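Student: The following block contains the structure, expressed as structure tokens.
Read the figures in this text as sums done on the coordinates, not as results from a lab. Fair warning: this is a prediction, and the values are worked out from it, not measured in the lab. As a convention, Cβ positions derive from the backbone with ideal geometry for all residues, glycine included, and neighbour counts pool all protein chains shown.
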Number of protein chains: 2
Amino acid sequence: MTQDIVTKIAVLGGTGNEGSGLALRWAYAGYDVAIGSRQPQKALAVAAGLDELLGKELVHGMSNRDAAAWADIVVLTVPYAAQAAILEEIRDVVQGKVFVNVTVPLDPDNVRRARMPAAGSAAVEAQQALGPDVQVVAAFQNISATYLKEVEHELDCDVLVCGNDKEAKRQVIKLARAANLHAWDAGPIENSLVVEGLTSVLIHLNITHKAKASGIRITGISR
Amino acid sequence: MTQDIVTKIAVLGGTGNEGSGLALRWAYAGYDVAIGSRQPQKALAVAAGLDELLGKELVHGMSNRDAAAWADIVVLTVPYAAQAAILEEIRDVVQGKVFVNVTVPLDPDNVRRARMPAAGSAAVEAQQALGPDVQVVAAFQNISATYLKEVEHELDCDVLVCGNDKEAKRQVIKLARAANLHAWDAGPIENSLVVEGLTSVLIHLNITHKAKASGIRITGISR
């Protein structure tokens with residue numbers, strides 16, 4: 001990837017609120033973005049909706065697998081129940097790429113209670129499923145979808161970026177900045193259990209305080 | 001416990017930096033505080049040191065078991081390796097009490113990498129070990145000891161309070177406030193994995209950014 005070639009980002013499960021919101025911000029920032037979906041027609045429709053917001057034809061729509069094959073950086077925003085199947089589906093076309101896991105293993109019985117899979121977290125599961133040649137990075141799980149589509153709204157939530165590859169984390173921190181978010185290298189992939197679980201804490205706080213978009217900020221370090 | 005009786009707080013493992021710092025803040029706020037240690041002489045010495053900072057004889061020193069038996073609220077700040085043994089030692093004398101678990105299951109091989117025990121977290125383990133009649137609350141794990149002993153220094157870190165008993169959490173939130181800290185009810189005891197793991201993230205950030213006391217703040221909710 002050189003500077004004069006635009007980075008291609010695929011957002012798998014990008015028809016949801018979180019995925020389409022991130023896709024919109026990245027397209028707005030100048031990235032070449034594709035929405036992936038199990039149903040390519042749905043991906044095309046969501047892409048067209050984002051283009052309308054952007055006032056330009058910028059966003060592509062494709063199947064998850066085609067989007068993953070096309071992109072330089074692949075972002076997964078599917079519900080946790082769909083994660084294992086989609087990882088299997090795209091495994092061969094993401095080798096050597098940066099893979100950003102946004103998926104959170106929410107417990108359908110109680111989304112306010114953190115519960116991690118046996119591997120430790122959804123992102124650790126993704127790393128295990130995709131193999132060592134994919135640079136899995138966990139990020140963006142705590143960003144409320146509420147204000148994502150207001151592209152210039154500065155969101156009051158930091159992004160904690162976990163992964164084992166420093167250069168991959170550097171690229172994801174750059175993506176966060178492009179989306180008008182402050183991001184921190186939060187350590188190895190295992191630390192994703194903190195960030196995934198924090199989503200349940202924030203849901204609990206939103207419900208308890210009738211808030212729409214609680215978040216976190218790192219304190220005690222100048223930014 | 002009625003309003004005119006002063007709450008008695010025991011800080012087990014209270015000879016460490018974190019425990020003695022919390023003890024100091026609570027004694028300063030008017031609570032009746034005891035330091036507990038495996039070695040009562042050491043507890044007495046640390047209590048005397050806190051009294052010197054306070055300019056009054058206020059803090060008691062005892063064995064962990066005596067302190068736990070004496071107190072209304074028992075706070076555990078031992079290293080994780082010592083947790084199972086101390087829970088066994090005090091189990092019978094903490095029945096019916098509020099038990100605040102500050103212990104974090106840091107991985108000695110890499111304190112920057114979060115790793116939870118099979119039960120889910122150290123606090124869930126404590127709840128299982130002490131039984132259903134002890135109100136285990138996880139709190140204060142993310143508070144850096146660095147500035148705790150400057151009792152009027154307002155620490156730039158929120159306290160996330162997890163537990164299954166609302167009234168117990170209310171009491172711990174009150175304790176946090178007395179220590180000049182803002183606290184949030186962060187949901188059920190299982191969410192303690194987030195707060196315990198966050199300690200590794202903050203250690204990672206402290207090392208990376210050469211900071212002394214990184215922390216977190218909840219955003220998006222008026223306080």
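Student: Provide the packing ranking of B:126-136, B:194-204, i.e. peptides ordered by the mean count of other C-beta atoms within 10 Å per residue, highest first.
Tutor: Values: B:126-136: 19.2, B:194-204: 26.7.
In descending order of packing, they fall as B:194-204, B:126-136.
Student: Right, next: Report, in whole Å, the centroid distance computed from the Cα atoms of segment A:110-128 and segment B:62-87.
Tutor: 31
Student: Please tell me the relative contact order of segment B:101-160 in percent, rounded to the nearest whole number, where contacts are Cα pairs under 8 Å and at least six residues apart.
Tutor: Numbers: 51 pairs, mean separation 18.1, N = 60.
The normalised contact order for segment B:101-160 reaches 30 percent.
Student: Work out the FRET efficiency for residue A:154 and residue A:91 from their Cβ-Cβ distance, taking R0 = 30 Å, and round it to the nearest 0.05. Write down the numbers at each step before the final one.
Tutor: Numbers: r = 36 Å, r/R0 = 1.21.
Between residue A:154 and residue A:91 the formula returns 0.25.
Student: Still on this structure: Could you pull the copy-to-copy label distances for residue B:108, with points set 7 Å along Cα to Cβ, in nm to one decimal and sorted shortest first?
Tutor: Reported distances to equivalent positions: 4.3 nm.
Student: Let me ask another. Mind checking Rg over Rh on segment B:99-159, alpha carbons, Kirkwood formula for Rh?
Tutor: Dividing the radius of gyration by the Kirkwood radius yields 1.04.
Student: How big is the charge dipole of chain B about its Cα centre, in debye rounded to the nearest 20, if each Lys and Arg gets +1 on its Cβ and each Asp and Glu gets -1 on its Cβ? Display every interim value, and only then the final one.
Tutor: On the way: 21 positive and 25 negative charges, 91 e Å.
Once rounded to the nearest 20, the dipole reads 440 debye.
Student: While we're here: Report the per residue volume, in Å³, of the convex hull enclosing the C-alpha atoms of the protein assembly as shown.
Tutor: Working: hull volume 61.3 nm³, N = 446.
Roughly 138 Å³ of hull volume per residue.
Student: Mean residue ellipticity at 222 nm from the helices of chain B, using -39,500 (n - 2.57) per DSSP H segment of n ≥ 4 over the full residue count, to the nearest 500 deg cm²/dmol? Can you show the working numbers first?
Tutor: Numbers: 7 runs with 81 residues, N = 223.
Value at 222 nm, helices only: -11000 deg cm²/dmol.
Student: State the answer as a single residue: which of A:122, A:54, A:106 lies farthest towards the positive end of the charge dipole of segment A:1-144, with beta carbon charges of +1 for Lys and Arg and -1 for Asp and Glu, about the Cα centre.
Tutor: Toward the positive end, the furthest listed residue is A:106.
Student: A further question on this structure: Would you report the distance distribution of C-alpha pairs in segment A:134-214 as whole percents per 5 angstrom bin, up to the bin with the largest distance?
Tutor: 3, 16, 24, 23, 18, 11, 4, 1
Student: Can you flag which of A:210/B:166; B:42/B:174; A:97/A:169; A:149/A:174; A:42/A:149; A:8/A:166 are past 23 Å Cα-Cα? List each step's numbers first, then the result.
Tutor: On the way: A:210/B:166 18 Å; B:42/B:174 29 Å; A:97/A:169 12 Å; A:149/A:174 19 Å; A:42/A:149 18 Å; A:8/A:166 20 Å.
The pairs that break the limit, which is 23 Å between Cα atoms, are B:42/B:174.
Student: What is the ratio of the Cα radius of gyration of segment B:1-114 to 2.2 N^0.38 Å, with N the residue count, to two decimals?
Tutor: Normalised by 2.2 N^0.38 Å, the Cα Rg of segment B:1-114 equals 1.05.
Student: Another one. Averaged over all directions, how much area does the convex hull of the C-alpha atoms of segment A:14-75 cover when projected, in nm²?
Tutor: Values: hull surface 14.0 nm².
The directionally averaged projection comes out at 3.5 nm².
Student: Would you kindly work out the equivalent ellipsoid of chain A from its C-alpha gyration tensor and give its semi-axes, the square roots of five times the eigenvalues, largest first in whole Å?
Tutor: Sorted largest first and rounded, they come to 24, 20, 18 Å.
Student: Taking the Cα centre as origin and putting +1 on Lys and Arg beta-carbons and -1 on Asp and Glu beta-carbons, what dipole magnitude results for the protein assembly as shown, to the nearest 20 debye?
Tutor: On the way: 42 positive and 50 negative charges, 77 e Å.
Dipole magnitude for the protein assembly as shown comes out near 360 debye.
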